[in-house]
1. Would you check which residues across the stretch B:216-244 are away from every other protein chain (no Cβ under 14 Å), of a type outside the set (A, V, I, L, M) and open to solvent by less than 40 Å² (accessible area, probe 1.4 Å) and list them?
2. Does D:Ala259 qualify as being in the same structural domain as D:Glu195 (by TED's automatic domain parsing), under 23 Å from the mean Cα position of the chain (by Cα) and either hydrophobic (A, V, I, L, M, F, W, C) or surrounded by 21 or more Cβ atoms within 10 Å (Cβ to Cβ) (or both)?
3. Restricting the search to the stretch A:153-162, which residues are open to solvent by 10 Å² or more (accessible area, probe 1.4 Å), among the hydrophobic types (A, V, I, L, M, F, W, C) and facing chain C (nearest Cβ under 8 Å)?
4. Going through the stretch B:268-302 one residue at a time, which ones are within 30 Å of B:Gly89 (Cβ to Cβ), part of a loop (DSSP other than H, G, I, E, B) and in contact (Cβ under 8 Å) with a residue 24 or more places away in the chain?
5. Checking B:Leu282 against (1) farther than 22 Å from B:Arg222 by Cα; (2) facing another protein chain (nearest Cβ under 7 Å); (3) open to solvent by less than 20 Å² (accessible area, probe 1.4 Å), which test does it fail?
6. What about D:Gly232, is it touching a Gly at 6+ places or on another chain (Cβ under 6 Å) and not β-branched (Val, Ile, Thr)?
7. Whether any residue in the stretch C:85-92 is within 24 Å of the chain's Cα centre (by Cα), without any contact (Cβ under 8 Å) to a residue 24 or more places away in the chain and within 14 Å of another protein chain (Cβ to nearest Cβ) is what I want to check.
8. Do we find that C:Leu168 is open to solvent by less than 10 Å² (accessible area, probe 1.4 Å), touching a residue at least 40 places away in the same chain (Cβ under 8 Å), under 20 Å from C:Gly289 (Cα atoms) and in the same structural domain as C:Ala257 (by TED's automatic domain parsing) in this structure?
There are 4 protein chains.
Amino acid sequence: MKAIFKLSPGRGLAFGEAPVPEPGPREVLIRVRAAGICGTDLHIYGWDRWSQERIRPPLIIGHEFVGEVVAAGGMAAKVEVGQRVSAEGHITCGHCTYCRTGNGHICRDVKIIGVDRDGCFAEYICIDANNLWPVPDEIPDHHAAVFDPLGNAMHTVMAEPVGGKLLLITGAGAIGLFAVAVARYAGASRIIVLEPNPRKREIALQVGADLALNPADKGVEREVMKLSDGLGAEVLLEMSGSPAAIEQGLHLLRNGACACVLGIPPDRITIDWGREVIFKGLTIKGINGRRMFDTWYQSQNFMLRDQERIDRLITHRLPFDEFERGFELLEHGQAVKVVLEMNH
Amino acid sequence: MKAIFKLSPGRGLAFGEAPVPEPGPREVLIRVRAAGICGTDLHIYGWDRWSQERIRPPLIIGHEFVGEVVAAGGMAAKVEVGQRVSAEGHITCGHCTYCRTGNGHICRDVKIIGVDRDGCFAEYICIDANNLWPVPDEIPDHHAAVFDPLGNAMHTVMAEPVGGKLLLITGAGAIGLFAVAVARYAGASRIIVLEPNPRKREIALQVGADLALNPADKGVEREVMKLSDGLGAEVLLEMSGSPAAIEQGLHLLRNGACACVLGIPPDRITIDWGREVIFKGLTIKGINGRRMFDTWYQSQNFMLRDQERIDRLITHRLPFDEFERGFELLEHGQAVKVVLEMNH
Amino acid sequence: MKAIFKLSPGRGLAFGEAPVPEPGPREVLIRVRAAGICGTDLHIYGWDRWSQERIRPPLIIGHEFVGEVVAAGGMAAKVEVGQRVSAEGHITCGHCTYCRTGNGHICRDVKIIGVDRDGCFAEYICIDANNLWPVPDEIPDHHAAVFDPLGNAMHTVMAEPVGGKLLLITGAGAIGLFAVAVARYAGASRIIVLEPNPRKREIALQVGADLALNPADKGVEREVMKLSDGLGAEVLLEMSGSPAAIEQGLHLLRNGACACVLGIPPDRITIDWGREVIFKGLTIKGINGRRMFDTWYQSQNFMLRDQERIDRLITHRLPFDEFERGFELLEHGQAVKVVLEMNH
Amino acid sequence: MKAIFKLSPGRGLAFGEAPVPEPGPREVLIRVRAAGICGTDLHIYGWDRWSQERIRPPLIIGHEFVGEVVAAGGMAAKVEVGQRVSAEGHITCGHCTYCRTGNGHICRDVKIIGVDRDGCFAEYICIDANNLWPVPDEIPDHHAAVFDPLGNAMHTVMAEPVGGKLLLITGAGAIGLFAVAVARYAGASRIIVLEPNPRKREIALQVGADLALNPADKGVEREVMKLSDGLGAEVLLEMSGSPAAIEQGLHLLRNGACACVLGIPPDRITIDWGREVIFKGLTIKGINGRRMFDTWYQSQNFMLRDQERIDRLITHRLPFDEFERGFELLEHGQAVKVVLEMNH
């Protein structure tokens, strides 16, 4: 089969051939129909420090996809050949305390497809039947291909009730923009986005933000305070991983507020613990992955109700073998979400 | 009346005379019977950077006390002369969003007695009638004098359910040790304390810790992991304000755990946001003051049920005019809680 | 001044004269500009069993209003003459455990204006300054007059996060319909309303319901199950007080769901405790009044964002002296919310 | 193998022979070492209405046990032959929304061992490997045999934080008494038990109750109010299923309190919904089974810390073939928990 590989250490990816994998007894074989390019894939493409430490080439990358079940192992219950499915890309151990208490998203021995084992940028992928998510007919392939990043956004938004509240979202990359759309869907009263890229600020406004500001602008604090009787935002969704954004985000929260933080800084950060966390009586919630499968149910509901906003965020659909162009668009900040489509 | 003053910038406190204050219409005049020395008082005594910025001499200091109502303003409802009372030392504005929603502990315009206005290290103090806490007869004066720091500990412990859980407490100063006693009372399954001072570790064991370790010991992580199937603690109570303790405390938490943080670092701190907060799916709760008056009800219940542990933590009771000795004992780490007693 | 009285036991209300009341030291005098007629007023009008037990004529009734401060007692802080205000009609004791812990809505000694003491169907009313709610200019009088019933709906909706969830609302009286509008605003994914009155079902659809069914229809259960993969609704808002609706509502909930119940049945009810509550692992939350003042902040945000839906629900605006017509419209189910307007 | 059967409709049980079952691919075969008799077993013994509807003889009953793995199917991961295990007796479907979101305890298609399929009152039992709970050496067999009912109590106590609170427990059968012990362990400040049987009231006092009263006594309300400043209890654990106890329990709760209800009434009940649920702003939580496997971790921690109280509650240990005596002791209220022990 055709697949996109990280063949050896260093920048770039290669298009190549690999044998079709065979499903284990609890696994299924899926024919991939569409796959999304994630920021993580971009890191691997660029071969940054994180990739150098984590990735062991040769590896088929990719972890966001939709496809069709073509074969199933003998113990893979509740699966039908022909079924259209997406799948949770975090393969949990199933036995640790976290897994046994419904917290597989923080499993202590998780393996991620396209990172720790072969991924979905290929004609076929094998995955544990328990990880499958059957996709309703109403959801088109290119939407179903992004259950994974939409799920990150959904997990972040749902970590703290946002109904009727004033939200601040720092970072309008793909997941940050999904978070804007989801927060609007989930009843946020007003949404302020901080993002340096003007094009992304514009899209933020299109998918539900009331205000999109450049974080470097002098007037940011004044604007936030104007909308909040001088108190600050009620909830922060930190989607950037930028140390400056984390600092600014915490600073713009009111006392007793909640910060749901997903963005991963490249290094340690410094924060004003006393002033921003303790005196304010703040709550901070670290967000990792997607809750299995609460987040998936929530994401599916959203997809069934709000297709228009998802359409706006999938800015490019490209044939599988034009993946290089997708990576370039993303590297230059010209795309939000790129979906690769297979022609079997 | 006699009072303990910060007369002018610089180290030390002075014993002097001041006129008995007169209560405003919503206030009461209280004859002080006993008062606790807090770490904050020690900061003012030593005239550290924080004191230099916040304190405006001359000022009567002190904010933990019990006394007797001797007069009441015309609008001070529900107060009887002769009543024995302690009082919340945070005077809230009563009008901000926080105050109007039951969150006076994070009032945006709070004034603290003994810090922003005259305090309780005096024969008499005036305070808003709404701040009073009537004291039941079963609670002796020297216990009632420490409602305030016990309340800080109670607020921290009650911020996250601890029943049946493995707790880690970093820092065994007075409030940290109160937290040990309260956590035991509130059903923690096992309590591990990290504290450099061996004498305080010993007291920690006396009031309820299962294990008290020197945080500098190599074996700390091994010990915590041994007690937790290799996972780490379920709840952290951070009572030290030490950057190293915050780092170590977060590191020793399991995935999905909660850190309730009260200790205020002298400066900004650095933390491994990605590893300790996000990948772990941690929750961090900043704790400020005491909830009004939930924390007071909880503290009173505790005082009525567990007098023995409080007795162990009030290591010294001194006459009011021997306050210097109290400050010295505390500065040299030879006391946990010192209560000054008045002889009217 | 002119006022609407319950003069003596028995059906009906009378229009009469009363002296303008004088504010106590903590109170303000308000010139009423508009007032809403509530279901409670209708009960008093009709002199049902509840009224016979609770109401002591002569009494000026009414508790939903907006007006203008014309005088203030000497201790009524933070009030300006001329200020436009609504007010919380539950006068709390301020001293019980509930009041002291931010739970004044369940105060053990509450007095309600227009029920336990004179109300707002008059040219003037006196009320405790702490109960005032200043009204922003953007909110017109006839909207500000209904803060109280909107607040009941808001309190019910906000008692359980509804973002992204399938809601069932039983009962589309005025508060039930406000709940539909608020639930839509607060991010409910889909809203099903059960209501026997076809006119009210129609209005429910106008203000945000996806489906409005007659609870007596055979197909109700089938419809709810169709929308929920055969599981049932995720949240019930019980706004009717009808024993049959409570039973049906609980029955249509999925396992692990939450029922927020506000409607007060006229008598004891019977329920299938084992099947509907225990085996389902249900949570039931009783809702009383409005949280002070969390609910008011939330309601104000809603009013500032969603004026159109409120307009649809205030079906009639009548001059104060045509109150009889308002009561008739309500008794015949021809109005949702009637607002009486004063011409000073 | 030997087993205890319900052979045919009607009162009683029979001791008989059955073939040793064979484990399926995901199952293990366990040699039973000890098993507890549950109230459910008593219902089946007595052949009450519930049993007549649910039980299909012939059936081996029993669902509380500890044993030793003697064989495992090919797909039964993480199991070692020789391992000592207890097991969750609710066999969940693994595929419904509840199962996929960590809520298997309310699975829509659960099968219970000893009720819907053969149980553990036998020399051997087969069960799904995912249901196993490995037992640490420190926990003796007769304790490990009661993980199931202890888990019901634990689930009820942990449904609402009890640390520092005044608890009311209605019903001191085996699970009610386990709840007393667990609530004491989990930090309840004071525990009042209502139970008609004087012998059980005495045991309640032995395992942690502060007060054990006959619910029929006139002075009950006065006593509860005396301990709660006239407010009522903060948390109710309803363990009896008696309609009168449910009514009394709700009535003795303060405003804003929480009722965790586990006891299943034989029929519909009537309650004063307006007065007890709505005006009080009560929360009611229905409790079903044990959370998988949160409750098991919590129960194990308790067993490791508080063996003495469990010992008091296992009033009788009998050889397997004297099961008739166990049932008689329970029917006459002379035993709390009876454990049957195998001699292989």
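The values are calculated or read from the model by the stated rules, or taken from the named source; none is laboratory data. Computed from a prediction, not measured in an experiment: that's the story for all the values here. Ideal geometry is used to build each Cβ from the backbone, glycine not excepted, and the neighbour counts take in all protein chains shown. Note: areas computed on protein heavy atoms with side chains; ligands, DNA, RNA excluded. Shrake-Rupley method; radii C 1.70, N 1.55, O 1.52, S 1.80 Å.
1. B:Gly219
2. Numbers: in the same structural domain as D:Glu195 (by TED's automatic domain parsing): yes; under 23 Å from the mean Cα position of the chain (by Cα): yes; either hydrophobic (A, V, I, L, M, F, W, C) or surrounded by 21 or more Cβ atoms within 10 Å (Cβ to Cβ) (or both): yes.
Against the criterion (in the same structural domain as D:Glu195 (by TED's automatic domain parsing), under 23 Å from the mean Cα position of the chain (by Cα) and either hydrophobic (A, V, I, L, M, F, W, C) or surrounded by 21 or more Cβ atoms within 10 Å (Cβ to Cβ) (or both)), D:Ala259 qualifies.
3. Filtering the stretch A:153-162 for residues open to solvent by 10 Å² or more (accessible area, probe 1.4 Å) gives A:155, A:158-161.
From what is left, the residues that are among the hydrophobic types (A, V, I, L, M, F, W, C) are A:158-159.
Answer for the stretch A:153-162, where residues must be open to solvent by 10 Å² or more (accessible area, probe 1.4 Å), among the hydrophobic types (A, V, I, L, M, F, W, C) and facing chain C (nearest Cβ under 8 Å): just A:Met158.
4. The answer is B:Ile287, B:Asn288, B:Gly289, B:Arg290, B:Arg291, B:Met292, B:Phe293.
5. All conditions pass for B:Leu282, except number (1).
6. So D:Gly232 fails the test.
7. no
8. When the stated conditions are applied, C:Leu168 does not pass them.
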